[in-house]
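Chemist: One structure coming up, written as structure tokens, with questions to follow.
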Amino acid sequence: MTRPDSTPRASSLMVLGTASHVGKSLLTAAFCRLLAEEGHRVAPFKAQNMALNSFVTSEGGEIGRAQVAQAEASGIEPHVDMNPILLKPMGGVSQVIVNGHPIGVMSAREYYAEKATLWPRVTAAYDRLAGQYERVVLEGAGSPVEINLTEHDLTNLKMARYADAAVILVADIERGGVFAQIIGTWELLEPGDRARVVGFVINKFRGDVTLLDSGLEFVRERTGVPVLGVLPYRPDLQIDQEDSLGIDETATLDRGELGPGELDVAVARVPGLSNFTDFWPLSRVPGVRVRYMERGAHFGRPDLVVLPGTKTTVRDLDWLRRVGLADRIIASRAEEDGPRILGICGGFQMLGRWIEDPLGVESDRERVEGLGLLDTVTRFAATKTRHLVSGQVNGSDLAILGYEIHMGETERNGATIPWLALTRRQNQTTILDGAIDEAGRVSGTYVHGLFDSAPFTASFVNGLRARRKFAPLAEPEWQSHRDFLAARYTNLAEFLRVHLDLAPIWSVLGGPSARSSD
């Protein structure tokens, strides 16, 4: 596990957590931004990610969405080396993606049997980053001391040892038992791993921080390691999420009754929902309320219904029927004042007449009936399509940007017309994508990230407003999603400066300790 002496080494910092969703991804992004602002060339790294929220890099590889956000915070382009292994759950098994490309579908035991061949690919990816950047900020996964998983874990302590990383351990006080989280994790660490820990961070605190003083002192006395600080709960500083535990944070935070002139957007919360960050920019638009629905009884009277991306299209189509949402969506299409219906990726596939799977890519059913709202047929293929795309709404000059990640191809039938005209960046191929019905009420596309573009979003939202005879939004009434995130990364770095004692970190990485501990 020791790195070859001839390999260039970056000074590295690793963010481990006491559990999932304690704030590791956010703090990794924050430290990436902090180091970048202090003049360091920095890159993020996560050895293995399990997430349905993914992204396509410029070279056509697929990585977890969190590493994309962390790369943006670092001021660099995302690359597959930042997340060499991505696992995409498919209900008992996972699609395994290595260096941006799928290598198969495996059970947990099958995957564990491959770890000896995967570990060198992980370390090679890290070494390439370490040779290119001055600093690497590594993110762990879940807890580093899960006894039943330790021998198979490529992401946490094994990676910390290989990278010779200083470690920060993050705990979430919102879950309760925060001191037990910290002390329990500490007690299960081996002595050599304890020596890497430069400090603890308590996240998501609400209230008077002085009430924690006795507990913070106890942690210091018990472990000899300081609590670097207590971070207040700040949902307004969230970044793109990869973990499904963060899905609610992509909806509109204020979920009260609709006000005059407000639009109701209902997204089906299918079990295999992927890339739910697609809807976060929409939830930030003035006068738009985004919510998730899980039952036909939750349907209400939305202005827009969204069938989102999913890794398990057939299973989630069955789920839509089972919970009564399929019937409500189909019935709403026949209502004169019913909602607009939008399908993205797997949701687009569901809107068609048939889904065919002759190779058993998703299930053992060769042909499944779709919702029949678009005259299209989808056929799953053995190869995955992964592209960054640009283009426009078909027949207009309204520009769009986004990315494709899908296993199937969809054929339009009859008079069905494409919705978008796209150019794929990797090979400059121009294609006609998606479909839209004659009335313009039902549309679908394979493009993720549509609402990241403010002009497209303004046009789309104003179309919904016009159907309700609401006044259009003045342009621009809100930041583009990219500008919004750039400001948030800057705020995250300042968040660390204000609330953490950074001196122990600067002491191992080198940095402006005097400035950061003012």
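Chemist: Under the Karplus relation 6.51 cos²θ - 1.76 cosθ + 1.60, θ = phi - 60°, what is the ordered set of whole-Hz ³J(HN,Hα) values for region 51-57, x standing for Gly and Pro?
Modeler: 7, 9, 8, 9, 8, 9, 7
Chemist: May I ask you to rank R284, R497 by accessible area, largest first, using a 1.4 Å probe over the protein chains only?
Modeler: Order by accessible area, largest first: R284, R497.
Chemist: Now a separate question. Accessible area per residue for region 317-429 in Å², computed with a 1.4 Å probe and the full protein assembly in place, what is it?
Modeler: Ligands and nucleic acids excluded, the result is 45 Å² per residue.
Chemist: Under the 0.36 nm per residue contour assumption, what length would be gained going from the current alpha-carbon distance of T385 and E151 to full extension? Spell out each step's value before the answer.
Modeler: On the way: separation 234, 0.36 × 234 = 84.24 nm, distance 3.38 nm.
Here the segment from T385 to E151 would lengthen by 80.9 nm.
Chemist: Using a 1.4 Å probe over the heavy atoms of the protein chains, calculate the carbon and sulfur portion of the accessible area of the chain as a whole percent.
Modeler: 50 percent
Chemist: May I pose another question? Just reorder M159, M50, M106 by solvent-accessible area, largest first, 1.4 Å probe, all chains present.
Modeler: M50, M106, M159
Chemist: On a C-alpha basis, how far is the centre of region 381-412 from the centre of region 141-189 in Å? Whole number, if you could?
Modeler: Taking the Cα centre of each part, region 381-412 and region 141-189 sit 40 Å apart.
Chemist: Using only DSSP helix segments of four residues or longer, with each worth -39500 (n - 2.57), what per-residue ellipticity at 222 nm results for the chain after dividing by its residue count and rounding to 500? Walk me through the intermediate numbers first.
Modeler: Values: 16 runs with 154 residues, N = 518.
Mean residue ellipticity at 222 nm (helix-derived): -8500 deg cm²/dmol.
Chemist: Let me ask something else about it. At what distance in angstrom do the alpha carbon centres of region 10-24 and region 257-336 lie from each other?
Modeler: 33 Å
Chemist: Rounded to whole Å and ordered largest first, report the semi-axes of the equivalent ellipsoid of region 387-518 derived from its Cα gyration tensor (root of 5λ). Spell out each step's value before the answer.
Modeler: On the way: eigenvalues 362, 89, 24 Å².
In descending order, the three semi-axes are 43, 21, 11 Å.
Chemist: Need one value: the accessible area of H298 in square angstrom, 1.4 angstrom probe, rounded to the nearest 10.
Modeler: About 90 Å², ignoring ligands and nucleic acids.
Chemist: Given a Förster distance of 22 Å, report the FRET efficiency between S20 and R161 from their Cβ-Cβ distance, rounded to the nearest 0.05.
Modeler: FRET efficiency, S20 to R161: 0.50.
Chemist: Same structure, new question: Once whole DSSP H runs in the chain are found, which of them have Cα atoms spread over 18 Å or more along the helix axis and a mean Kyte-Doolittle score of at least 0.0?
Modeler: 24-37, 454-467
Chemist: Can you give the accessible area of Y233 in Å² (nearest 10), computed on protein heavy atoms with a 1.4 Å probe?
Modeler: The accessible area of Y233 comes to roughly 80 Å².
Chemist: Note down the accessible area of R468, probe 1.4 Å, to the nearest 10 Å².
Modeler: For R468, solvent-accessible area is about 60 Å².
Chemist: Where only protein heavy atoms count, and the probe is 1.4 Å, what is the accessible area per residue for region 115-204 in Å²? Don't skip to the end; give the middle numbers.
Modeler: Details: 3360 Å² over 90 residues.
Counting only protein heavy atoms, the per-residue value for region 115-204 is 37 Å².
Chemist: Test of understanding: what is the full-extension gain from N491 to R301, defined as 0.36 nm times their sequence separation minus their Cα-Cα distance?
Modeler: 64.7 nm
Chemist: I need the calculated FRET efficiency for the pair I417 and T210, taking r as the beta carbon distance and R₀ as 60 Å, to the nearest 0.05.
Modeler: Values: r = 64 Å, r/R0 = 1.06.
That pair, I417 with T210, gives E of 0.40.
Chemist: Projecting each Cα onto the charge dipole of the chain (Lys/Arg +1, Asp/Glu -1 at the beta carbon, about the Cα centre), which of V96, L496, I63 comes out farthest on the positive side?
Modeler: Of the candidates, V96 comes out farthest on the positive side.
Chemist: Say the dipole of region 255-344 comes from +1 at the beta carbon of Lys and Arg and -1 at that of Asp and Glu; which of S332, G272, L320 then lies farthest toward its positive end?
Modeler: Going by the charge dipole, the pick is G272.
Chemist: So how do R33, R467 rank on accessible area, 1.4 Å probe, biggest first, that is with the largest at the start?
Modeler: From most accessible down to least: R467, R33.
Chemist: Using the Kirkwood radius over C-alpha pairs as Rh, can you work out the diffusion coefficient of the chain via Stokes-Einstein at 20 °C, viscosity 1.002 mPa s, in µm² per second?
Modeler: Details: Rh = 24.1 Å.
Rounded, D is 89 µm²/s.
The values are calculated or read from the model by the stated rules, or taken from the named source; none is laboratory data. Since the model is a prediction, treat every value here as computed from it, not as a measurement. Because the Cβ atoms are built from the backbone with ideal geometry, glycine has one as well, and the counts that use them run over all protein chains shown. Keep in mind that these areas ignore ligands, DNA and RNA; they rest on the heavy atoms of the full protein, side chains included. Shrake-Rupley method; radii C 1.70, N 1.55, O 1.52, S 1.80 Å.
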